[in-house]
Amino acid sequence: MIFDGAFINLEDISFSGSPDGDNGKAEKGQVFAKRLSYFRTDSRFTIHDKLVEYQDVLNDGLMRRWATLLDELSITNQTYLYMLADSGMPADLRLAFLVELAEPMVEIVNKEKGIYPSLHPGERGTNLKQCLNALGNSYGDVIFFAENS
C-alpha cells in the first residue's frame with residue numbers, strides 16, 4: 001500500500017502444518033474470515049503505474065517516518081483505506097468520504113511542511129472548499145496529470 005497505493009490481492013494462504021491435521025485448512029479459513037475489508041482494494045481505485053521500486057528506497061528511516069505518519073493520520077488513514085476497499089459501498093459515497101479527508105490532510109501537510117499557514121481546519125473561517133482548493137493548487141498537477149495530457 002505504501003508504494004503502489006493498493007494492497008496486493010490475497011488469493012490463497014498455505015500453512016506447513018496444523019495442530020488438527022488438516023494441513024492448515026481451518027487456519028486458512030480463519031485468516032480470510034477475520035481479514036478486514038480494507039485490505040482488499042477496489043480495482044477501480046488503483047493505478048498500475050510505478051514511480052519507484054520499493055527495494056530501492058525502503059529503509060529503516062523511511063519505515064520509522066511512515067509509522068509516525070500513520071500515528072498522526074489516525075482515523076484519517078483508516079477512513080482512506082475503507083473508502084478504497086472493495087466493500088460494496090457505492091462509489092459516489094466513497095468519493096464523498098475521500099473529499100472530506102481534505103481537511104485533515106491540510107492540517108497534517110501544514111504541520112509537516114507549513115505551506116498553508118492561513119488555513120486552520122476545524123476553526124471558523126476555514127472550510128472544506130478552501131482545503132480542497134489549497135490541496136488542488138499544490139498537488140493537482142501530479143494527481144490529475146493524465147487528465148491534462
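Please treat every number below as a calculation from the coordinates, not as lab data. Please read all numbers here as calculations on a predicted model, not as lab measurements. Virtual Cβ from ideal backbone geometry, glycine too; neighbours counted across all protein chains shown.
Key figures for this structure:
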| read-out | value |
| --- | --- |
| Structure-derived percent of Cα pairs over 28 Å apart: which label, when the choices are [x] 20; [y] 34; [z] 37 | [y] |
| Sequence-distant residues sharing a close amide H with A85 (under 5 Å, placed H) | D42 |
| Neighbourhood charge, 14 Å Cβ-Cβ cut-off, centred on N127 and excluding it, Lys, Arg +1 and Asp, Glu -1 | -2 |
| Per-pair calculated FRET efficiency, R0 = 25 Å: R124 and D86 via Cβ, rounded to 0.05 | 0.05 |
| Cleavage-rule hits, GluC sites (Glu not before Pro), region 56-147, DSSP coil, Cβ neighbours within 10 Å at most 10 | E123 |
| Gyration tensor verdict on region 57-138 (Cα atoms; rounded if a/c is under 1.5, prolate if a/b is larger than b/c, oblate otherwise) | oblate |
| Value at 222 nm in deg cm²/dmol, rounded to 500, when DSSP H runs of n ≥ 4 in the chain each add -39,500 (n - 2.57) | -16000 deg cm²/dmol |
| Segment A26-F97, length gained on full extension (0.36 nm per residue, minus Cα span) | 21.9 nm |
| Lys pairs, the chain - Cα-Cα below 29 angstrom, 8 or more residues apart or on other chains | 5 |
